[in-house]
Amino acid sequence: MGIGWYLVVSAMVFCIGAGGVLTRRNPLVILLCLELMLNAANLALVAFSRMWGGEDGQVFALIVMVVAACEVTVGLGLIVAIHRRRLPVNVDELNELQG
Amino acid sequence: MSAVLFFVAAIGAITGAIGVVTLRNPFYSVLALVGHLICLAALFLLLRAEFVAAAQVVVYAGAVMVLYVFVVAYIGGGEETTGFAARGAGALRVVGPLFALALAVELCIAMLGSALKGISGKGAPYVAGFGSPRQIGQLFLTKYLFPFEVASLLLLVAAVGAVLLARRQRGLEGPDQQLEVMIRAPRPAYTGTMAEAAGSARAAGATEPVGGPGAT
């Protein structure tokens, strides 16, 4: 299979993730859609690494995984804190930055 | 054979992504994302990135998704609320998919008009050991040592930050206040409370609250 096919899959997954971030209102699902976008970028990085025949793209994909894990940890911590304070878990209603 | 595998994995990955976005229950969204990640790991294997595929399955589909499932179970993964508090949310629901479609068109134009010759080819000739843990580890410890160390520091900061954020703060939530009310409720004397045992409660004050903040 040509490298272009992998890039097509990556682009489609990225667009689905972006649409999900814009349309969904639950912060948990928004985090999941962010994961989708990061994974699409990972797929493109690995495809380009295969295209050039060097592992640098794979190293970068692993670093992206680390950053995604950090983002998930902090995001889920925030959601748990929001839930503890009896605030609605909905990004439309969480529109004020006051505790 | 590899074409068949590619199409199966690609269709699985895209179906999983659509499932994440469209399913109403967040729990099913998480499960769809697990399927998507496993299909993506298969695509990584087809691209000869064995270590990245293994890390994807172990770290992502294993650890991170378990975290998601726990949080969904804690929050109570009910249906998404349909009541829109903010104005303009309905408009965003229409404009959002349009924006995603525009992004897809733009990416397709960028890919079709790309001057990269290698996109249509099968990639560089395969050499033995490409993408193996040995190669990745060598790169991490020589060429990319600084990003490697920065990543470990980032993980530490994220772990400490998550603990600080999700920590139970005293006196701010409902259950703690209820517990305090229960502790301060008046009890009859000589019923064996801890404050009586410590000798700090007065025996005569039968109706006085026992074990208040002064006693503890």
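The values are calculated or read from the model by the stated rules, or taken from the named source; none is laboratory data. Just so we're clear, the structure is a prediction, and the values are computed from it rather than from any experiment. Here the Cβ is made from the backbone with ideal geometry for all residues, glycine too, and neighbour counts use every protein chain on show.
Here are the numbers:
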| item | result |
| --- | --- |
| Residue in the stretch A:79-90 that is nearest to the other protein chains (Cβ to nearest Cβ), counting only those that are surrounded by fewer than 16 Cβ atoms within 10 Å (Cβ to Cβ) and under 18 Å from residue B:26 (Cβ atoms) | A:88 |
| One residue from B:95, B:105 being under 18 Å from residue A:9 (Cα atoms) and hydrophobic (A, V, I, L, M, F, W, C) | B:105 |
| When residues of the stretch B:112-135 are limited to those that are touching a residue at least 12 places away in the same chain (Cβ under 8 Å) and loosely packed, with under 15 Cβ neighbours inside 10 Å, the one farthest from residue A:62 (Cα to Cα) | B:126 |
| Unmet criterion (only one of (1) within 9 Å of chain A (Cβ to nearest Cβ); (2) of a type outside the set (S, T, N, Q); (3) under 23 Å from residue A:19 (Cα atoms)) for residue B:51 | (3) |
| Residue that is under 22 Å from residue A:51 (Cα atoms) and without any contact (Cβ under 8 Å) to a residue 12 or more places away in the chain, where the choices are B:45, B:23, B:5 | B:45 |
| Yes/no for residue B:20 being more than 9 Å from every other protein chain (Cβ to nearest Cβ), closer than 19 Å to residue A:43 by Cα, crowded, with 16+ Cβ neighbours inside 10 Å and under 15 Å from the mean Cα position of the chain (by Cα) | no |
| Any chance residue A:4 is at pLDDT below 90 and more than 19 Å from residue B:21 (Cα to Cα) | yes |
| Single condition residue A:71 does not satisfy, out of (1) at pLDDT 90 or above; (2) crowded, with 19+ Cβ neighbours inside 10 Å | (2) |
| Matching residues, the stretch B:54-79, being within 11 Å of residue A:76 (Cβ to Cβ) and either in contact with an Asp or Glu (Cβ under 9 Å, 6 or more places away or on another chain) or facing chain A (nearest Cβ under 8 Å) (or both) | B:64, B:67, B:68, B:71, B:72, B:74, B:75 |
| Extreme residue, surrounded by the most Cβ atoms within 10 Å (Cβ to Cβ), among residues of the stretch A:14-36 that are of a type in the set (A, V, I, L, M) and in contact with a Leu (Cβ under 6 Å, 6 or more places away or on another chain) | A:32 |
| Test: residue in the stretch A:37-44 that is crowded, with 18+ Cβ neighbours inside 10 Å and either over 21 Å from the mean Cα position of the chain (by Cα) or within 7 Å of chain B (Cβ to nearest Cβ) (or both) | yes |
| Members of the stretch B:116-163 found to be of a type in the set (Phe, Trp, Tyr) and at pLDDT below 90, listed by number | B:126, B:130 |
